[in-house]
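The structure under discussion is supplied below as structure tokens; questions concerning it will follow.
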Amino acid sequence: MRSIHKQLLHLSLLGSVLFSCSQIEENIEANPSKIIELELLDSLVIDELSILRLQDINLEAGKALFVSNNKNLFLTDLNGEKLQEYELNNDGPDGLGRNGAFGYKFLDKDRFVAQGLMTSYFIYNLEGKQLQKVPYNSKEIYRITIYNTRTTFHPYIQDGQMMMIGEELNFFSAEESDPKTLGISYYDKISNIYRYNLETEENEILESYPASWEPRANQRFVGNNISFVALHDTKKSYVLLPLTGSQLFIYEIGEEIKLSKEIQLQHPERPDFAPAISPDNSSKYNDYPSFNNVLYAGEYCLVQFQSKIPESKMNELRAISEQYWNSDEYKEASKQYVKPYFILVKNGEQIGVINEMPVKGSVEFLDKNGVIYINDNANPEEERDYNVFYKVKIVD
């Protein structure tokens, strides 16, 4: 009998050890602060003198879109070979106006969309023929924000219709969206996220701040920062990222938009909770590091934020000069304090962080294979007469 008890005890202890080891392995795998390994694969080189920015890549079609600093658009293959060059900044039958566009994105393998400068959306074929011009989905212009490394609209096809998910700052006037008047109800009433039907011109304003977003749920005002969206490469879901706070939301796209997943984000260099501020003083500088980009493709979602100059240091810089941003002291402080950091989500769970990319430059694209495209053409270490986009592979 004692022998049987000893055997049972041994099996019980063994089971406990195995269970404990299993728990440890799960905890290690799920460590959200794990440093993600990156591998520099190669680069995409385009023989073009003017500085290019990557707008979009369609892996299935084997094509990419780049826009130059003189506003010309280039279509290339995935080896960087130029296939087409478009000069669309004109008032001709295929032009989109002399002011150019905010950005360009593939609609499908044969068409792309240009977001005109607060005028219209333009659909083109790959030969540069304008197929359709759709009115802008905001009637008034109250404010404009231009991003160098991201586009704010994401076209796709749903049930044979041309659709778009995106961000727009002009659905509400300055008076309608004044935090001093709205207070904490700002998050219930204001949104910059939309779904736009390019066929019927029906515009649906979606939520920017879900009910479970921590500041809204706890009735804390943390500023009037907007939210970003990124469409998945399958065009069946998108992520919503309020720039303040530490939550990422995944939505499924169907006839109705449905919230399917909420992810808590964390990073050692970023507080989990945004500080509450007064709605009467929402424009005052603070050193809370808001998010500033999100990319979503394949199994991965990559979230970026940037550390900021401490508030005490900013007060010193402002005391030196009213135009402090032009001072050598400000430039030195920016080098010291302002650094990009990244949080990596895989299959709906944070799996680690990236504190430094293996090459310098701005992150502009993420493909479904876990390859990050980095643009260093604005400030290369050595002058060159071509553009390089480094391809960095996520290894996890």
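Please verify whether Asn355 is open to solvent by 20 Å² or more (accessible area, probe 1.4 Å), in contact with a Phe, Trp or Tyr (Cβ under 8 Å, 6 or more places away or on another chain) and at pLDDT 95 or above, treating the condition exactly as stated. Steps first, please.
Working: open to solvent by 20 Å² or more (accessible area, probe 1.4 Å): yes; in contact with a Phe, Trp or Tyr (Cβ under 8 Å, 6 or more places away or on another chain): yes; at pLDDT 95 or above: yes.
Against the criterion (open to solvent by 20 Å² or more (accessible area, probe 1.4 Å), in contact with a Phe, Trp or Tyr (Cβ under 8 Å, 6 or more places away or on another chain) and at pLDDT 95 or above), Asn355 qualifies.
Filter segment 239-291 down to residues that are part of a strand (DSSP E or B) and either open to solvent by less than 50 Å² (accessible area, probe 1.4 Å) or touching a Lys or Arg at 6+ places or on another chain (Cβ under 9 Å) (or both), then give me how many there are. Let's see the steps before the verdict.
First pass over segment 239-291, keeping only residues part of a strand (DSSP E or B): 239-242, 247-253, 257-264, 267, 270, 291.
Remaining after also requiring either open to solvent by less than 50 Å² (accessible area, probe 1.4 Å) or touching a Lys or Arg at 6+ places or on another chain (Cβ under 9 Å) (or both): 239-242, 247-253, 257, 263, 267, 270, 291.
Looking only at that region, the number is 16.
Quick check on segment 105-132: of everything there that is at pLDDT below 95 and aliphatic (A, V, I, L, M), which residue is most open to solvent (accessible area, probe 1.4 Å)?
Once the filter is applied, the top-ranked residue is Leu117.
Follow-up question, since we're still on this one. Among the residues in segment 302-315, are any in contact (Cβ under 8 Å) with a residue 60 or more places away in the chain, surrounded by 13 or more Cβ atoms within 10 Å (Cβ to Cβ) and either outside any helix (DSSP H, G or I) or among the acidic types (Asp, Glu) (or both)? Break it down into steps so the answer makes sense when it comes.
Within segment 302-315, the subset in contact (Cβ under 8 Å) with a residue 60 or more places away in the chain is 302-303.
Now drop any that are not surrounded by 13 or more Cβ atoms within 10 Å (Cβ to Cβ), which leaves 302-303.
Filter once more, so that each one left must be either outside any helix (DSSP H, G or I) or among the acidic types (Asp, Glu) (or both): 302-303.
Yes, some residue in segment 302-315 is in contact (Cβ under 8 Å) with a residue 60 or more places away in the chain, surrounded by 13 or more Cβ atoms within 10 Å (Cβ to Cβ) and either outside any helix (DSSP H, G or I) or among the acidic types (Asp, Glu) (or both).
Over 21 Å from the mean Cα position of the chain (by Cα), among the aromatic types (Phe, Trp, Tyr) and either surrounded by 12 or more Cβ atoms within 10 Å (Cβ to Cβ) or within 30 Å of Asn70 (Cβ to Cβ) (or both): is that true of Tyr156 in this structure?
Details: over 21 Å from the mean Cα position of the chain (by Cα): no; among the aromatic types (Phe, Trp, Tyr): yes; either surrounded by 12 or more Cβ atoms within 10 Å (Cβ to Cβ) or within 30 Å of Asn70 (Cβ to Cβ) (or both): yes.
Answer is no for this residue.
Let me ask you something else. Just to be sure I understand, how many residues within segment 64-89 are open to solvent by less than 50 Å² (accessible area, probe 1.4 Å) and either over 20 Å from Tyr136 (Cβ atoms) or among the small types (Gly, Ala, Ser) (or both)?
Filtering segment 64-89 down to residues open to solvent by less than 50 Å² (accessible area, probe 1.4 Å) leaves 64-68, 72-77, 80, 86, 88-89.
Narrowing the set further to residues that are either over 20 Å from Tyr136 (Cβ atoms) or among the small types (Gly, Ala, Ser) (or both) leaves 64-66, 68, 72, 74-77, 80, 86.
Count: 11.
Another question, then. Mind checking whether some residue in segment 318-340 is in a strand (DSSP E or B), under 26 Å from the mean Cα position of the chain (by Cα) and under 30 Å from Tyr300 (Cα atoms)? It would help to see each step written out before you state the result.
Within segment 318-340, the subset in a strand (DSSP E or B) is 340.
Among the residues that remain, those that are also under 26 Å from the mean Cα position of the chain (by Cα) are: 340.
Remaining after also requiring under 30 Å from Tyr300 (Cα atoms): 340.
Checked segment 318-340: at least one residue is in a strand (DSSP E or B), under 26 Å from the mean Cα position of the chain (by Cα) and under 30 Å from Tyr300 (Cα atoms).
When you scan segment 90-104, do you find a residue that is over 23 Å from the mean Cα position of the chain (by Cα) and surrounded by 19 or more Cβ atoms within 10 Å (Cβ to Cβ), even just one? Before the answer, list the steps.
We begin by selecting, within segment 90-104, every residue over 23 Å from the mean Cα position of the chain (by Cα); these are 90-99.
Of the ones still in play, those that are also surrounded by 19 or more Cβ atoms within 10 Å (Cβ to Cβ) are 96.
Looking through segment 90-104, at least one residue is over 23 Å from the mean Cα position of the chain (by Cα) and surrounded by 19 or more Cβ atoms within 10 Å (Cβ to Cβ).
Ok, one more. Considering every residue within segment 339-348, establish whether at least one is within 28 Å of Leu78 (Cβ to Cβ), touching a Cys at 6+ places or on another chain (Cβ under 7 Å) and open to solvent by less than 60 Å² (accessible area, probe 1.4 Å). Let's see the steps before the verdict.
Start the filter on segment 339-348 by keeping residues that are within 28 Å of Leu78 (Cβ to Cβ), which leaves 340, 342-347.
Okay, now just the ones that are also touching a Cys at 6+ places or on another chain (Cβ under 7 Å), so 345.
So of that shortlist, the ones also open to solvent by less than 60 Å² (accessible area, probe 1.4 Å) come out as 345.
Yes, segment 339-348 contains at least one residue that is within 28 Å of Leu78 (Cβ to Cβ), touching a Cys at 6+ places or on another chain (Cβ under 7 Å) and open to solvent by less than 60 Å² (accessible area, probe 1.4 Å).
OK, next. Please work out which one of (1) in contact (Cβ under 8 Å) with a residue 60 or more places away in the chain; (2) in contact with a Lys or Arg (Cβ under 7 Å, 6 or more places away or on another chain); (3) open to solvent by 30 Å² or more (accessible area, probe 1.4 Å) is the condition Pro135 fails and give its number.
(2)
Is it the case, given these coordinates, that Gly166 is closer than 15 Å to Gln55 by Cβ and at pLDDT 95 or above? Before you say what the answer is, go through the steps one by one.
Details: closer than 15 Å to Gln55 by Cβ: yes; at pLDDT 95 or above: yes.
Answer is yes for this residue.
Out of Glu252, Glu207, Glu269, which single residue is in contact (Cβ under 8 Å) with a residue 12 or more places away in the chain and under 27 Å from Asn58 (Cα atoms)? Let's see the steps before the verdict.
On the way: Glu207 fails: under 27 Å from Asn58 (Cα atoms); Glu269 fails: under 27 Å from Asn58 (Cα atoms).
Residue meeting the stated conditions: Glu252.
Just checking, which of Val113, Val134 is of a type in the set (Val, Ile, Thr) and under 21 Å from the mean Cα position of the chain (by Cα)?
Numbers: Val134 fails: under 21 Å from the mean Cα position of the chain (by Cα).
Answer to the selection: Val113.
For segment 41-61, name all the residues that are under 18 Å from Pro155 (Cα atoms) and either hydrophobic (A, V, I, L, M, F, W, C) or surrounded by fewer than 22 Cβ atoms within 10 Å (Cβ to Cβ) (or both). So that I can check it myself, show each step before the final result.
Of all residues in segment 41-61, those under 18 Å from Pro155 (Cα atoms) come to 54-61.
Residues satisfying the conditions are Leu54, Asp56, Ile57, Asn58, Leu59, Glu60, Ala61.
Restricting to segment 358-396, and then to whatever is farther than 22 Å from Glu299 by Cβ and among the small types (Gly, Ala, Ser), can you tell me which residue is most open to solvent (accessible area, probe 1.4 Å)?
Ala378
A further question follows. I'm trying to understand the selection: among the residues of segment 169-191, which are in a loop (DSSP other than H, G, I, E, B) and either at pLDDT below 95 or open to solvent by less than 10 Å² (accessible area, probe 1.4 Å) (or both)?
Keep residues of segment 169-191 that are in a loop (DSSP other than H, G, I, E, B), which gives 169-178, 190-191.
Hits for segment 169-191 are Leu169, Asn170, Phe171, Phe172, Ser173, Ala174, Glu175, Glu176, Ser177, Asp178.
The values are calculated or read from the model by the stated rules, or taken from the named source; none is laboratory data. Here the structure is a predicted model, which means the values were calculated and not measured. Neighbour counts are summed over all protein chains in view; Cβ atoms, including those assigned to glycine, are modelled from backbone coordinates with ideal geometry. Accessible surface is based on the protein model in full, side chains and every heavy atom, while ligands, DNA and RNA are left aside. Shrake-Rupley method; radii C 1.70, N 1.55, O 1.52, S 1.80 Å.
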